[in-house]
1. Pull up region 116-143, narrow it to residues that are at pLDDT below 85 and either of a type in the set (A, V, I, L, M, F, W, C) or part of a helix (DSSP H, G or I) (or both), then point me to the one that is most open to solvent (accessible area, probe 1.4 Å).
2. Which of the residues spanning region 53-73 are open to solvent by less than 60 Å² (accessible area, probe 1.4 Å), charged (D, E, K, R) and at pLDDT below 95?
3. Within region 14-52, which residues are in a strand (DSSP E or B), farther than 18 Å from residue 144 by Cα and either hydrophobic (A, V, I, L, M, F, W, C) or open to solvent by 50 Å² or more (accessible area, probe 1.4 Å) (or both)?
4. If you check residue 79 against the conditions, is it of a type in the set (D, E, K, R), over 28 Å from residue 45 (Cβ atoms) and part of a helix (DSSP H, G or I)?
5. Could you please find all residues in region 79-92 being surrounded by 15 or more Cβ atoms within 10 Å (Cβ to Cβ) and either touching an Asp or Glu at 6+ places or on another chain (Cβ under 6 Å) or not basic (Lys, Arg) (or both)?
6. Enumerate the pairs (first residue in region 74-87 and farther than 12 Å from residue 99 by Cα and modelled with pLDDT under 95; second residue anywhere and open to solvent by less than 50 Å² (accessible area, probe 1.4 Å) and not aromatic (Phe, Trp, Tyr)) with beta-carbon separation below 7 Å, excluding pairs fewer than 6 apart on the same chain, so at least 6 apart or on different chains.
Amino acid sequence: MSLKHLIGGQLVDGGSRRAPVYNPSTGAVIREVPLADAATLQQAVDAAQAAFPAWRNTPPAKRAQVLFRFKQLLESHEERLVQLISEEHGKTLEDAAGELRRGIENVEYATAAPELLKGEYNRNAGPSIDTWSDFQPLGVVAGITPFNFPAMVPLWMYP
């Protein structure tokens, strides 16, 4: 089975180079993954930058709904995701399930975005001085995650 990149809602081949994915428990090749070339990477960055203005202007309550739906999708596909983590990383099913469950808990925490993004206001922090903080999305980010926690670490970072 050959995988593709998902960019802007579309499956993209993304270059001619490919690499096998091995099941560490058996040594068998179970999939083939495309290795993105510079053009594919730029396509992903461009798609993310194009989506950013709408996301930035999405009210926190709506963002929380998106994250809640993501959480539901993770939970409804939990058994298959655990199997994939086990196949691709050699984890026991129990370890893979624990990792995914912890990741889902992080997504659940992020659904509190409306509360987390309120900021702070301090009256009279000094003589005639009030202070406040306001949290705003900064832009497109990328994460480099470790191979040994393929679900948990991305589910910490991205939500």
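1. Just the residues of region 116-143 that are at pLDDT below 85, to begin with: 116-119, 134-143.
Subsequent filtering for residues that are either of a type in the set (A, V, I, L, M, F, W, C) or part of a helix (DSSP H, G or I) (or both) retains 116-117, 135, 138, 140-142.
On the way: 116: 78, 117: 57, 135: 105, 138: 171, 140: 69, 141: 116, 142: 98 Å².
In this case the residue turns out to be 138.
2. Within region 53-73, 63 is the sole residue that qualifies.
3. 18, 19, 20, 21, 22, 29, 30, 32
4. Here the answer is yes, as residue 79 does meet what is asked.
5. The answer is 81, 82, 84, 85, 86, 87, 88, 89, 90.
6. 87/23; 87/30
The values are calculated or read from the model by the stated rules, or taken from the named source; none is laboratory data. Not measured: the values here are computed from a predicted model. FYI the Cβ positions are ideal-geometry reconstructions off the backbone, even for glycines, and counts take in every protein chain you see. Accessible surface areas use protein heavy atoms only, side chains included; no ligands, DNA or RNA. Shrake-Rupley method; radii C 1.70, N 1.55, O 1.52, S 1.80 Å.
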